[in-house]
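Throughout, read-outs are computed from the coordinates displayed, never taken from laboratory work. Note that the structure is a prediction, hence the values are computed from the model and not measured. When we count neighbours, we look across all protein chains shown, and the Cβ atoms used for this are built from the backbone with ideal geometry, even at glycine.
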Amino acid sequence: DLHFFPTRRSSDLAAAAAGTPLSDAACVLAARALGLVWLPAALAPRLKALVLDLDHTLYAGVLGEDGPHGIRLTPDHAALQRKLVALRDDGIFLALASRNEPADVDALFAARPDLPLRPEHLSARAIAFRGKATGVLELAAALRIAPDAMLLLDDNPGEIAAVAAEVPGLRFLHAADPALAARALDAYPGLHGFPRGRDDGLRVADLAAAAQRDEAERSARSPED
């Protein structure tokens with residue numbers, strides 16, 4: 001089960017299966033899988049949510065300055081978004097925490113169907129010009145989980161430091177380079193190595209259904225409606 005770490009040295013893994021000594025490259029792969037995937041899965045609970053920044057994290061550019069058509073979806077950013085969607089399909093909540101106008105974010109998704117990450121993949125949002133720590137705590141409450149079950153992806157190390165000072169237990173991934181961030185997600189402790197059951201996917205679907213019920217209740221003309 002070293003599929004999290006693709007390598008050209010596939011012969012190393014075949015040699016391991018045959019009982020012959022491993023090469024240095026295969027030893028590194030095995031140590032990485034053991035230390036970052038299987039031991040964390042055995043010793044600690046699974047991470048339940050990824051909290052995502054927008055500007056310079058999920059795309060290149062600043063939404064408020066460049067507009068929906070001005071931001072650039074590079075191949076590496078697209079690959080990162082696809083990986084996030086795959087994690088969501090595996091039962092991990094996805095949420096946004098960004099210093100932007102909510103209307104601008106809505107316009108972004110409406111104008112850019114090329115973004116692999118879509119609004120329906122998001123279980124919660126905290127979009128506002130304020131301290132990001134406040135938004136992270138609101139997201140934890142909305143998702144009904146503790147901050148120590150969340151991982152924040154952000155390109156800004158200063159932002160990460162500020163949130164870390166206010167939200168103990170929250171985990172962080174510096175995501176200024178989308179290719180490196182995607183690679184890190186393949187081996188981030190707490191994301192992989194856990195038994196896959198129906199409950200993870202149902203938890204994400206149930207929260208989405210609850211949000212739809214709440215919206216229907218707010219927009220109804222009467223309780224009967």
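Miscellaneous remarks
- Residue-count net charge about Y59 - beta-carbon cut-off 11 Å; Lys, Arg +1, Asp, Glu -1: -4
- Dimensions in Å of segment 118-194 - Rg and Dmax from alpha carbons: 12.8, 37
- Taking Lys and Arg as +1 and Asp and Glu as -1, the other residues whose beta-carbon sits under 13 Å from that of H174 total -3.
- Sequence ranges 171-178, 69-76, 158-165, 132-139, ranked by mean other-Cβ count within 10 angstrom, highest first: 132-139, 171-178, 158-165, 69-76
- Ellipsoid semi-axes for segment 34-163, based on the Cα gyration tensor and the rule √(5λ), read 25, 17, 14 Å when sorted largest first.
- Potential lengthening between S222 and D66 on full extension [0.36 nm per residue; Cα-Cα distance subtracted]: 52.0 nm
- For segment 87-128, the alpha carbon convex hull comes to 68 Å³ per residue, rounded to a whole number.
- Between D114 and A162, the contour length at 0.36 nm per residue exceeds the Cα-Cα span by 14.1 nm.
- Using the average count of surrounding beta-carbon atoms within 10 Å as a protection proxy, the listed peptides 95-102, 116-123 rank, highest first, as 95-102, 116-123.
- Local net charge near L96, Cβ-Cβ under 15 Å (Lys/Arg +1, Asp/Glu -1): -3
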